[in-house]
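Read-outs throughout are calculated quantities, based only on the coordinates presented, and are distinct from any laboratory measurement. The model shown is predicted, which means the values in this text are computed figures rather than measured ones. Ideal geometry is used to build each Cβ from the backbone, glycine not excepted, and the neighbour counts take in all protein chains shown.
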Amino acid sequence: MFEAKLQQGVIFKKIVDAIKDLVKSVNIDASTSGLSMQAMDSAHVALVSLKLNENGFKDYRCDRPITLGLSIENLSKILKCAGNDDTITLQTDEEEPSSLKFFFENQQASKISEFSLNLMSLDSESLGIPDTDYSSVIQMSSAEFSRICKELSSISETVEIETSKESVKFSVQGDIGAGSITVKNNQSDKDVDRVDLQIDQPVKLTFALRYLNMFNKAVSLSSTVSLNMSEENPLMVEYKIDDLGSLRFYLAPKISD
Amino acid sequence: LTEQDYINIFYKQD
């Protein structure tokens with residue numbers, strides 16, 4: 001028996017909206033500790049990893065680990081039927097479920113929707129992601145980072161991110177010209193302005209902006225985003241989800257010649 | 001031109 005009830009169902013809707021352009025089908029692994037999901041994009045350039053802890057759910061029960069193979073497109077269609085204020089419950093009684101039940105309830109419990117989504121059997125391609133001690137970590141407004149990526153992607157497809165003790169520089173070079181945006185440490189009390197740099201080792205890495213713009217669809221999940229980098233390592237972009245878990249994106253760097 | 005690297009170069013199959 002597996003049942004997970006999320007008080008703020010809108011969070012689940014936002015997560016699916018944030019990843020639906022990147023991955024087509026995913027395995028959600030349910031265990032006693034919560035839900036986890038990991039999937040690569042079709043080009044194997046990026047990886048998304050979701051972890052939702054059981055104690056972030058209103059109700060959570062998972063008698064034994066199960067894997068739920070879902071088409072993101074079909075999941076999206078079902079979630080469109082959930083209101084932003086609804087609670088969302090996922091449920092199945094079977095050990096090898098062929099479908100997953102969804103219940104959407106409005107606040108007054110006066111409207112209850114029930115859907116059953118057919119499951120897919122997907123071979124698990126899960127990669128081992130070592131816990132990395134990143135040498136450059138940037139915490140900043142997710143809206144600001146999303147804006148920087150959007151603006152720079154009109155000049156070039158790739159952005160070079162260079163960190164130093166007191167600032168991070170986003171540089172682009174394209175046919176029309178070049179540009180850079182430098183953001184300094186800023187302990188402002190205004191969320192949108194605050195920038196927190198922890199630079200043990202400066203890095204200079206180049207990434208495809210198309211992927212960063214896709215990752216930034218998660219901006220509605222958290223007002224802050226963290227960029228985690230080490231030389232010769234994929235960038236890890238993390239959106240923490242209050243009291244529930246985190247949505248992480250990994251992006252392989254461009255190999256600068 | 002910069003070549004795009006692949007994520008499964010960095011992280012191995014479990």
**OP:** Determine the pairs where a residue that is more than 14 Å from chain B (Cβ to nearest Cβ), located within the stretch A:26-54, has a partner that is assigned to a loop (DSSP other than H, G, I, E, B) with Cβ atoms under 6 Å apart, the partner being 6 or more residues away or on another chain.
**Re:** A:31/A:65; A:52/A:244; A:54/A:33
Original post:
Got a sec? Which of A:4, A:43, A:30 is assigned to a loop (DSSP other than H, G, I, E, B) and over 18 Å from residue A:80 (Cβ atoms)?
Top reply: A:43
Original post:
Across the stretch A:153-207, which residue is farthest from residue A:134 (Cα to Cα) among those that are of a type in the set (Asp, Glu) and crowded, with 16+ Cβ neighbours inside 10 Å?
Top reply: A:160
Original post:
Within the stretch A:119-149, which residues are under 19 Å from residue A:36 (Cα atoms), of a type in the set (S, T, N, Q) and away from chain B (no Cβ under 14 Å)?
Top reply: A:121
Subject >> Count - residues of the stretch A:233-257 that are in contact with a Lys or Arg (Cβ under 8 Å, 6 or more places away or on another chain) and without any contact (Cβ under 8 Å) to a residue 40 or more places away in the chain >> reply: 2
**OP:** All but one of (1) out of contact with any Lys or Arg (no Cβ under 6 Å at 6 or more places or on another chain); (2) surrounded by 15 or more Cβ atoms within 10 Å (Cβ to Cβ); (3) of a type outside the set (Phe, Trp, Tyr) hold for residue A:36, so report the exception by its number.
**Re:** (1)
Subject >> Close pairs from the stretch A:114-128: first without any contact (Cβ under 8 Å) to a residue 12 or more places away in the chain, partner polar (S, T, N, Q) and exposed (fewer than 13 other Cβ atoms within 10 Å of the Cβ), Cβ under 9 Å, at least 6 apart >> reply: A:128/B:13
Subject >> Subset of the stretch A:185-222 [among the polar types (S, T, N, Q), farther than 17 Å from residue A:160 by Cβ and under 13 Å from the mean Cα position of the chain (by Cα)] >> reply: A:216, A:220, A:222
Original post:
Any chance the stretch A:215-222 includes a residue that's assigned to a loop (DSSP other than H, G, I, E, B), touching a Leu at 6+ places or on another chain (Cβ under 9 Å) and either more than 22 Å from residue B:5 (Cβ to Cβ) or not polar (S, T, N, Q) (or both)?
Top reply: yes
**OP:** Sort out which residues of the stretch A:106-152 are of a type in the set (Ser, Thr, Tyr) and more than 20 Å from the chain's Cα centre (by Cα), and write them in order of number.
**Re:** A:110, A:113, A:116, A:121, A:135
**OP:** Answer yes if at least one residue in the stretch A:64-82 is closer than 24 Å to residue A:19 by Cα, β-branched (Val, Ile, Thr) and in a strand (DSSP E or B), and no otherwise.
**Re:** yes
Subject >> Only one of A:72, A:88, A:66, A:78 that is in contact with a Lys or Arg (Cβ under 6 Å, 6 or more places away or on another chain) and surrounded by 15 or more Cβ atoms within 10 Å (Cβ to Cβ) >> reply: A:72
**OP:** Could you list, in sequence order, all residues of the stretch A:199-249 that are under 30 Å from residue A:55 (Cβ atoms), within 13 Å of another protein chain (Cβ to nearest Cβ) and touching a Ser or Thr at 6+ places or on another chain (Cβ under 7 Å)?
**Re:** A:248
**OP:** Filter the stretch A:146-197 for residues that are of a type in the set (D, E, K, R) and outside any strand (DSSP E or B) and give the result.
**Re:** A:147, A:150, A:151, A:157, A:165, A:166, A:175, A:189, A:190, A:191, A:193, A:194
Subject >> Boolean, residue A:132 is on the phi < 0 side of the Ramachandran plot, touching a residue at least 60 places away in the same chain (Cβ under 8 Å) and either surrounded by 16 or more Cβ atoms within 10 Å (Cβ to Cβ) or aliphatic (A, V, I, L, M) (or both) >> reply: no
